[in-house]
Each structure stands twice: as structure tokens, then as C-alpha cells.
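S.K.: Got a structure for you, questions after.
The values are calculated or read from the model by the stated rules, or taken from the named source; none is laboratory data. Source: prediction; values computed, not measured. As a convention, Cβ positions derive from the backbone with ideal geometry for all residues, glycine included, and neighbour counts pool all protein chains shown. SASA here: full protein model, heavy atoms, side chains in, ligands and nucleic acids out. Shrake-Rupley method; radii C 1.70, N 1.55, O 1.52, S 1.80 Å.
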Amino acid sequence: MQNISILPFWHTAMPTYQHAVGLSTHAISALAFYLMLTKTPTTSRPFAKYLMLLQASITLADLNFGLLFCPLVLFPVPGFLCNGILCTWFGLSGHTGIAIMYLSVSMLGYFLVCCYHFRVVSIGQMLGQDSISVSKSLIFRVVLFIVYIIPCMLQTGLHRNISGGRRYVHDNFPSMSYLINNQEYRAIVYDFPKFPNYSVIFACSTVFVSLIEANSVRVLNSTHFQIILLSVICIVYVVMSAFSLLTKQQLLSEKTKMLQKQMLELLIIQSTPILQLLHRWIQVGTYSHFNSTNNIRDITNAVFCVQLTHAFVHTAVVILTTPSYREPM
């Protein structure tokens, strides 16, 4: 049993920070939507639709982190404190906020891949590629959507494990019991061994979870890792396919090829903040389970604060790197 605790500083600092970041992100997101609707060139409007869907998923994720859920991480305890209006105003469990978190992150990854896929399909159609048909593109996106939604569906079933959370904390982290016993903290903790069969199924839906036991919050981190890793794999494959098409075909002029490559490179630049900042939280979350340092919760929450800026940074990069959006500014 570990004697761990969390600094009282985080109980007030984290919600305040989350609200501030949320307000600034929604302000710049509103500006981004306005620019996409009014300043997008006619030729770019089909792609702008996917960009707006991506922006909507990012906004939902930030709305959940900054207003609805407002979680305070308790690593390595498999749970959170819920400081958002879902718990304080509506009296819902923090499990609802976690379900929204998974849904928003999954849709973020899905629409990000769709943006890249649209670019490849556009290039293929310009080159007269019969293999890239509307039906095949639709099938690809439907299958991809199902793959992304699986972790969300499985995660909703973990509500059964909440009932054993109090006992799990008392047995494994007694120094944190005060957070669970006091209802004012609105803590939510999972006891993964309570339903081991379901926990194993949930664990097997992730990429690397077979290397670790399904009895801690590592499972949650692994699911996040699966979503992001799947996005990276799909994006790398799609980008390589696009560059391969542009390199081998001679039907397009060099100027057109260069323009398409620049558009792909611009999309890579715009999506990098999302993957990079989300990845940092996963790194620290995973590290916390192999390190008994007492201040690992403080380190995790500090990195979580950095991760929360991903929506603002991504939106700012999109505006600043897109000429038709940057020039009116």
C-alpha cells in the first residue's frame, strides 16, 4: 500500500485553470468557425466541411474538460475528482464526463483521419484513379468509425466497476480514502478486478494493454493510446499514399503537384499540436504506474494543464497557417 496524497492547491487551481482555458478556446473556436464559413475559397469548401467537423470535435473535448467534467487526476488511483457542472449542478456521476471524454477524443481522431483521407481521394480523382470510388471511400469511413467507437461503447460498461471503487481505494491507497468518503469531492474511482471478465475484454480492445494487468487506470490510458496510435498509423499510411501518387504520376503539372504537396504539409503542421499535446499526458500517466514518487499526481496534473491547451494551440495554428483565414486578421 502506498502512502500518497494530493496537494490542496489543485482543488481550486485546476478548476479555475480549466475554466480560463475553456473560455479562451471557445472564443478562438468561434472565430475559426466564422472564418471557415465566410473566408474559405469556393474551391476549398468541400475540405472545409471536414475541417469544421474536426474543429467541432475539438471544441466538444474542450467543453467537457473546461466546463462539463473538469477532472482532477488522481493517478495512480484509477479515478478522478469531478468539478464540472455535470456533477455540481446536475448531480451526475463523473463516469458521464469520462464517457464524453472518450467520445470526443475518438471523434477527434476519426475526423482528423477523414481530413487526410479527403486529400488522398481528391488527389486520386485528379489523377483519374478508378480504385478510389465514392462507395469505397464511404465503406472506409464507416469501418473506421466503427473501430473508433468500440472503445467508447466498451468504456460505458465500466460504470459497474464504480461500486467497488471505495473498497479498492481503502485496500490499496488508504491515504486517499478521505477523498472517497467525503461526497463534496465528487470522486469517481474504478475497481477493475470487480468484473474481471469485462475488464479483460475492455483491455483487449487496446493495443498494448495485453502487456499489463487489467486492474488499474493503465487500461484507461491504453485506450487513449489506442485512439491516438490508430490515428497516427492511418495518417502515416494515407500521407504516404498521397505522396506516392504525386511522385509516380505524370498527368499533373509540376506546379499542381507542388501545390498538393504543400496542402498536405500544411495539414500535417496543423494536426501536429493535437497528437503531440495529447501524447504528453499519456506518457506521464503511464510513467506514474512505474514510479512511486509521492508527487507524481502533481506532475501528472501539471502536464494535464499543458495538454488542455491542445484545442487552443491547434485552432491558432489553423488560423495562422491558412492564408485565407490569416489575411483578414
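S.K.: I want to confirm something. Restricting to the stretch 34-50 and keeping residues that are of a type in the set (A, V, I, L, M) and in contact with a Leu (Cβ under 9 Å, 6 or more places away or on another chain), which single residue is farthest from residue 122 (Cα to Cα)?
M.R.: 36
S.K.: What is the residue count in the stretch 77-107 for residues that are out of contact with any Phe, Trp or Tyr (no Cβ under 8 Å at 6 or more places or on another chain) and at pLDDT below 85?
M.R.: Number satisfying all stated conditions: 2.
S.K.: Sort through 321, 286, 293 and tell me the only one that's open to solvent by 30 Å² or more (accessible area, probe 1.4 Å), modelled with pLDDT of 70 or more, out of contact with any Lys or Arg (no Cβ under 6 Å at 6 or more places or on another chain) and among the polar types (S, T, N, Q).
M.R.: Answer to the selection: 321.
S.K.: Please indicate, with yes or no, whether at least one residue in the stretch 7-27 is of a type in the set (A, V, I, L, M), at pLDDT 90 or above, in a helix (DSSP H, G or I) and within 16 Å of residue 325 (Cα to Cα).
M.R.: Checked against the condition, which is being of a type in the set (A, V, I, L, M), at pLDDT 90 or above, in a helix (DSSP H, G or I) and within 16 Å of residue 325 (Cα to Cα), the stretch 7-27 yields at least one hit.
S.K.: Same structure, new question: Would you point out which residue out of 16, 12, 59, 43 is within 30 Å of residue 145 (Cβ to Cβ) and either without any contact (Cβ under 8 Å) to a residue 24 or more places away in the chain or in contact with an Asp or Glu (Cβ under 6 Å, 6 or more places away or on another chain) (or both)?
M.R.: Only one candidate qualifies: 43.
S.K.: Does the stretch 55-70 contain at least one residue that is outside any helix (DSSP H, G or I), aliphatic (A, V, I, L, M) and open to solvent by 10 Å² or more (accessible area, probe 1.4 Å)?
M.R.: Within the stretch 55-70 (the criterion being outside any helix (DSSP H, G or I), aliphatic (A, V, I, L, M) and open to solvent by 10 Å² or more (accessible area, probe 1.4 Å)), the answer is no, since none of the residues qualifies.
S.K.: Which count do you get for residues in the stretch 308-318 that are surrounded by fewer than 19 Cβ atoms within 10 Å (Cβ to Cβ) and more than 14 Å from residue 271 (Cβ to Cβ)?
M.R.: 1
S.K.: Moving on to the next point. What number of residues within the stretch 71-116 satisfy the criterion of being of a type outside the set (Gly, Ala, Ser) and in a helix (DSSP H, G or I)?
M.R.: The number of residues fulfilling the criteria is 21.
S.K.: Output the residues belonging to the stretch 88-105 that are surrounded by 20 or more Cβ atoms within 10 Å (Cβ to Cβ), touching a residue at least 60 places away in the same chain (Cβ under 8 Å) and among the β-branched types (Val, Ile, Thr).
M.R.: The answer is 98, 105.
S.K.: If you don't mind, there's one more thing I want to ask. Taking the condition of being open to solvent by less than 10 Å² (accessible area, probe 1.4 Å) and closer than 17 Å to residue 268 by Cα, how many residues in the stretch 33-50 meet it?
M.R.: 1
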